[in-house]
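Structure first, commentary second.
Bear in mind that the values in this text are calculations on the coordinates, not laboratory data. The shown structure was predicted, so the numbers you read here are calculated from the model rather than taken from an experiment. Reconstructed Cβ throughout: ideal geometry from the backbone, glycine too, with neighbour counts over all protein chains shown.
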Amino acid sequence: MTSIGIHDIELATTHHLLDLGTLAETTGVDPAKYRLGLGQDEFSVPAADEDIVTMGATAALALLDRNGLDGVRTLLFATESGLDHSKAAGVFVHKLLGLPPQVRVAEIKQACYGGTAAIQAAVGIVQRNPNERVLVIASDIARYALDSPGEPTQGAGAAAILIGVDPALVEIEPASGLFSADVDDFWRPNDSSTAIVDGALSISAYLDAMTGAWDDLAAHGGPAFTEIDRLVYHQPYTKMARKAQARLGEHTGVDLGDDGLVPGAIYNRRLGNAYTASLYAGVASVLDHERDLVGKRLGMFSYGSGSVSEFLTGVVQPAAASRSDHFTSVLDARVPLSVPEYRELHARELPSNVDVETPRVTEAPFRFAGLRGSARRYERR
Ligand code: CAA
């Protein structure tokens, strides 16, 4: 059977960050609630000239610089934070990267699950024609209302993932476990820039979906729990991975405690929630921080509120041994905001019917230049 999976993965994030200690000082919340209770230290905040396109294009530029464009005929852009009801955000990326016209582009949506849906679609395309490779971009800005319980779990980030045959990083195994259910745990109406969330319901819906997807994986020939070496979970906040692992332990009768969760949380503790990119930031974090994973099996749980979820497994390939944690220096380079500066950026909404030029802030390769005639304009810096 053809081996298909993740050939390479690259992350990107925003110009700014908000330190949760700074937020705690202003709001009078015990900082331990954020650092221990949620397992978060910081979150990324986009500058006025950054969005899902600039982050996605930045991640994809580095990925394609390393791997070239050969065989890439599809770009799938997964996001919860779509910019237009009609046009796929990936079309802007297509232009910014100078991709040829012979590349199809589409956007995939199902909350945080969209990245996994895009990867599975990509695997199908490559299965049909092994000469093709698919560029998947998962890019999101997690926004909740100010002073809401979700506020400290905001964040922003993008993962660009190259799917192809004989993958250098992670071979995705054919069996996967699925679980979908119509739940009102988290959603974002078309006229709202912040999500509506029932926090307690979202946690229980996530955990129920995970055990449901696990059972389906088992029913479809997936590996036994003891044959999985590392588990990586969708991390809306990193404490959620600990809750998930505890629930899976109860469900399977194999209690792993918190074993193995630290490497997969290193980037996510600092990025915050990156919705579609969250699981793949966790996968990159594991691959970039553990040196002895080659030949080992990863279990990956993807959850998108609303809800659709999937349990995947993959076997780590030799190129993982030479990965570096260069994304740490990207996280370190972000510029901290004061709480008033963060609040001002949070409140910024662009009317779509007025021409606007955005201030020049980002130092990323691409910037969102503003609106002209209601259309979004981007620039390569
Ligand atoms: N020191 C240490 N820990 C503390 C503390 C302190 N001083 N004060 C509180 N805590 C702990 C609490 O005990 C709690 O721990 P447990 O979860 O282990 O019980 C934790 O900090 C959180 O505190 P609260 O229970 O008081 O919760 P909250 O009202 O602040 O809300 C939340 C937490 C529901 C996660 C909220 O941040 C939220 O709504 N977030 C957005 C929704 C979300 O992320 N849901 C996750 C599943 S849905 C999903 O995965 C999709 C997605 O990406 C959105």
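Here are the numbers:
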{"item": "Cross-link reach list, lysines versus residue 109, counting only Cα pairs under 16 Å and skipping chain neighbours closer than eight places", "result": "87"}
{"item": "q = 0.11, 0.21 Å⁻¹: log10 I(q)/I(0) that the Debye formula gives for segment 189-264, counting C-alpha atoms only", "result": "-0.34, -0.99"}
{"item": "Residue exposure sequence - 203, 141 - by fewest surrounding Cβ within 10 Å", "result": "203, 141"}
{"item": "Least to most buried among 327, 366, 311 (fewest other Cβ within 10 Å first)", "result": "327, 366, 311"}
{"item": "Extent along principal axes [Cα atoms of the chain; Å; largest to smallest]", "result": "55, 52, 39"}
{"item": "Sites residue 224 and residue 258, calculated FRET efficiency, Cβ-Cβ separation with R0 22 Å, nearest 0.05", "result": "0.60"}
{"item": "For segment 156-290, alpha-carbon Rg over 2.2 N^0.38 Å", "result": "1.10"}
{"item": "Gyration tensor (alpha-carbon) shape descriptor, segment 92-201, a/c threshold 1.5", "result": "prolate"}
{"item": "Residue 69 paired with residue 345, simple spin-label distance in nm, labels 7 Å along Cα-to-beta-carbon", "result": "3.2 nm"}
{"item": "Kirkwood hydrodynamic radius (C-alpha pairs) into Stokes-Einstein, segment 279-377, 25 °C and 0.890 mPa s, D in µm²/s", "result": "138 µm²/s"}
{"item": "Partner aspartates and glutamates for residue 296 [C-alpha distance under 18 Å; skip if fewer than 8 residues away on the same chain]", "result": "8, 166, 171, 173, 227, 229, 259, 288"}
{"item": "Global geometry of segment 1-134, whether rounded, prolate or oblate, following the gyration tensor of its Cα atoms and the 1.5 cut on a/c", "result": "prolate"}
{"item": "Computed magnitude of the charge dipole of the chain (debye, nearest 20; Cβ of K, R +1, Cβ of D, E -1)", "result": "900 debye"}
{"item": "For the chain, the longest site-free run once GluC sites (Glu not before Pro) in DSSP loop states with at most 13 other Cβ atoms within 10 Å are removed", "result": "1-348"}
{"item": "GNM result for the chain, Cα springs below 10 Å: residue of 175, 12, 224 fluctuating most strongly", "result": "224"}
{"item": "Residue order, fewest to most beta carbons within 10 Å, for 309, 329, 86, 338", "result": "86, 329, 338, 309"}
